[in-house]
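A.B. asks: Structure provided below as structure tokens; questions to follow.
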Amino acid sequence: MNLLDSVNELIGNFKKGNIRALARIISKIENEDPGKDELLKNIFGMTGKAYVVGVTGSPGAGKSSLVDRMTSCLRKKGETVGIIAVDPTSPFSGGALLGDRIRMQEHAVDRGVYIRSMGTRGSLGGLARTTKEVVKVLDAYGYSWVIVETVGVGQAELDIMHVADTTLVVLTPGAGDSIQTIKAGIMEIADIFVVNKCDLPGADKVASEISQMLDLQGGTPEWRPPVVQVSTLNDLGMDGLMESVEKHRSYLVDSGLLESYREDRARKETLEIVDFRWRKLVNSQLNYQGFVNDILNRVTGRKTDPYTAADAILRYVIENSGLAGKK
């Protein structure tokens, strides 16, 4: 069976709702297998229906437990849920624990829930490089909600804002200086702040500090991120959290921002693919022999500058890749 026939068979089973086909497609995407692009081309027309929620925050904030309880709330309403849980990949062994499923055992046999763990595989930003593509697969399969749990992040890992429609930033009392935790970037991507483990001392203080920081931002934003206190241990505050998520969704739909944001992401993603393929093309041409090696030696010998050298290398790549004569 050739590659195209294999892709068509897999897509056919996927469209029939075969869960094994879903798992195989995700694995092929993660592993950058041949046929990955063809698979994504085939499912693209089936996407755009799922609502994507991102859950981010520092390690130990209780993100996995929160996702588990959110899933329970959605399942009670008859919604289907796809979950992507991103775990850090070891820089030594290359492996990942992928332990988030342990905290979601209640949903392990629920056919309305699909849980997929992903290792970061060296990617920064809190997500794996293929997370956006896996979101598309779960969307195309028919899950009405997709929840993406990032790896434990700090102040600068903000990739989730380019994937999620609603972003939850999870904080906990007793985790040090909460102002330090939420300042700058991570503060600005939150659509909803969640103070988890609110049954512990200090939860009110964390919520108050977040509210004060929101007051200092000034202006009159149409959407002010609510601060919701929850405890996943006894489901305290979970109804209020899900109500806030629905309110934000309604706000985005009614204001036209949901469509606008998704259009912007589609444009950026297309350009990212162009950039990624261009870099692959450049790397495939750079064997560091002959002309390219001579140019690099001229830079190291300070006989030419890096900018002139880069222009020369780009011209070389275009001419030798056959792009120069194409229209």
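A.B. asks: If you take the residues in segment 214-232 that are without any contact (Cβ under 8 Å) to a residue 60 or more places away in the chain and touching a helix residue (DSSP H, G or I) at 6+ places or on another chain (Cβ under 8 Å), which one is surrounded by the fewest Cβ atoms within 10 Å (Cβ to Cβ)?
C.D. replies: Glu222
A.B. asks: In segment 250-290, which residue that is of a type in the set (Lys, Arg) and over 17 Å from the mean Cα position of the chain (by Cα) is farthest from Pro225 (Cα to Cα)?
C.D. replies: Lys280
A.B. asks: While we're looking at this one, here's another question. Please indicate, with yes or no, whether at least one residue in segment 94-114 is modelled with pLDDT of 90 or more, touching a strand residue (DSSP E or B) at 6+ places or on another chain (Cβ under 8 Å) and buried (at least 16 other Cβ atoms within 10 Å of the Cβ).
C.D. replies: yes
A.B. asks: Pick from Asn297, Asn283: which is in a helix (DSSP H, G or I), surrounded by fewer than 11 Cβ atoms within 10 Å (Cβ to Cβ) and not assigned by TED's automatic domain parsing to the domain that holds Leu66?
C.D. replies: Sole residue among the options that is in a helix (DSSP H, G or I), surrounded by fewer than 11 Cβ atoms within 10 Å (Cβ to Cβ) and not assigned by TED's automatic domain parsing to the domain that holds Leu66: Asn283.
A.B. asks: Does segment 16-69 hold any residues that are under 30 Å from Lys197 (Cα atoms) and part of a helix (DSSP H, G or I), and which are they?
C.D. replies: Lys63, Ser64, Ser65, Leu66, Val67, Asp68, Arg69
A.B. asks: Now, a different point. Within segment 297-322, track down each residue that is aromatic (Phe, Trp, Tyr) and over 10 Å from Val282 (Cα atoms).
C.D. replies: Tyr307
A.B. asks: Going through segment 215-274 one residue at a time, which ones are outside any loop (DSSP other than H, G, I, E, B) and in contact with a His (Cβ under 9 Å, 6 or more places away or on another chain)?
C.D. replies: Arg265, Lys268, Glu269, listed by residue number.
A.B. asks: While we're here: Do you know which of the residues in segment 314-327 that are in a helix (DSSP H, G or I) and within 34 Å of the chain's Cα centre (by Cα) is modelled with the lowest pLDDT?
C.D. replies: Ser321
A.B. asks: If I go through segment 241-284 residue by residue, how many of them are touching a helix residue (DSSP H, G or I) at 6+ places or on another chain (Cβ under 8 Å) and aromatic (Phe, Trp, Tyr)?
C.D. replies: Qualifying residue count for the region: 2.
A.B. asks: Restricting the search to segment 188-212, which residues are assigned to a strand (DSSP E or B) and under 16 Å from Gly174 (Cβ atoms)?
C.D. replies: Correct list: Val194, Val195.
The values are calculated or read from the model by the stated rules, or taken from the named source; none is laboratory data. What you are looking at is a predicted structure, and each value in this text was computed from that prediction instead of being measured. A quick note on method: Cβ atoms are made from the backbone with ideal geometry, for glycine too, and the neighbour counts reach across all protein chains shown.
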